[in-house]
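Data block below; observations after.
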Amino acid sequence: QVQLVESGGGLVQPGGSLRLSCAASGFSFSTYYMSWYRQAPAKEREFVAGITSTGDSTTYADSVKGRFTISRDNVKNTLALQMNNLKPADTAVYYCNVWGVLPDRDSWGRGTQVTVSS
C-alpha cells in the first residue's frame, strides 16, 4: 500500500523556521515527481512545491519562493520541505503528494499542522 507520513509540523513564531519531512513507502519513490500542498482554514488545498524524481528541478508557488526549499533523499525515501522566514499566512495543514502510483489518482499523507503565530 502507498503510504505517505508527514512529520515536523508545530507552532513557530513569525520569522522562524521549520523543516517538514514525508516518509514514503509502498512504491518506487525514486521514479516519481513529489509535491507538497497545503490547506489553510477556509481555503482550498494549494500547491506549495514540487521536485522531479531525481531532484534536479524544483518548482515553487509564488507565495513561498525564496523562503521554502523542497528536497528529497531517494536512498531514505523521504521528501523534505525547509521553511524559513515563516509568516502567519503560512499557517496550514501541509500534505505530501504523489500522482499516478494508484491509477489516475493522487495519494496523500494525513498532513502535519504548521501554525505561525506570536
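Please specify each residue of region 79-118 satisfying the condition of being among the acidic types (Asp, Glu) and closer than 16 Å to residue 5 by Cα.
So in region 79-118, the residues among the acidic types (Asp, Glu) come out as 90, 104, 106.
106, the sole residue that qualifies.
For region 83-118, what are the residues that are within 18 Å of residue 50 (Cα to Cα), open to solvent by less than 80 Å² (accessible area, probe 1.4 Å) and under 12 Å from the mean Cα position of the chain (by Cα)?
Listed by number, the residues that qualify are 83, 92, 93, 94, 95, 96, 97, 98, 109, 111, 112.
Restricted to region 43-82, and to residues that are among the charged types (D, E, K, R) and under 19 Å from residue 113 (Cβ atoms), which residue is surrounded by the fewest Cβ atoms within 10 Å (Cβ to Cβ)?
44
Please go through (1) within 19 Å of residue 113 (Cβ to Cβ); (2) without any contact (Cβ under 8 Å) to a residue 40 or more places away in the chain for residue 40 and return the number of the only condition it doesn't satisfy.
The failed condition is (2).
Report the residue count in region 58-117 for those that are aliphatic (A, V, I, L, M), touching a residue at least 40 places away in the same chain (Cβ under 8 Å) and part of a strand (DSSP E or B). Working first, answer last.
As a first pass, look at region 58-117 and keep what is aliphatic (A, V, I, L, M): 61, 64, 70, 75, 79-81, 83, 86, 89, 92-93, 98, 101-102, 114, 116.
Right, trim to touching a residue at least 40 places away in the same chain (Cβ under 8 Å) and you get 79-81, 83, 86, 89, 92-93, 98, 101-102, 114, 116.
With the extra rule that they be part of a strand (DSSP E or B), the set shrinks to 79-81, 83, 92-93, 98, 114, 116.
Total meeting the criteria: 9.
The values are calculated or read from the model by the stated rules, or taken from the named source; none is laboratory data. Computed from a predicted structure; not experimentally measured. In this analysis, Cβ positions are derived from the backbone assuming ideal geometry, glycine residues included, and neighbour counts consider all displayed protein chains. Calculation scope for accessible area: heavy atoms of the full protein, side chains included, ligands and nucleic acids excluded. Shrake-Rupley method; radii C 1.70, N 1.55, O 1.52, S 1.80 Å.
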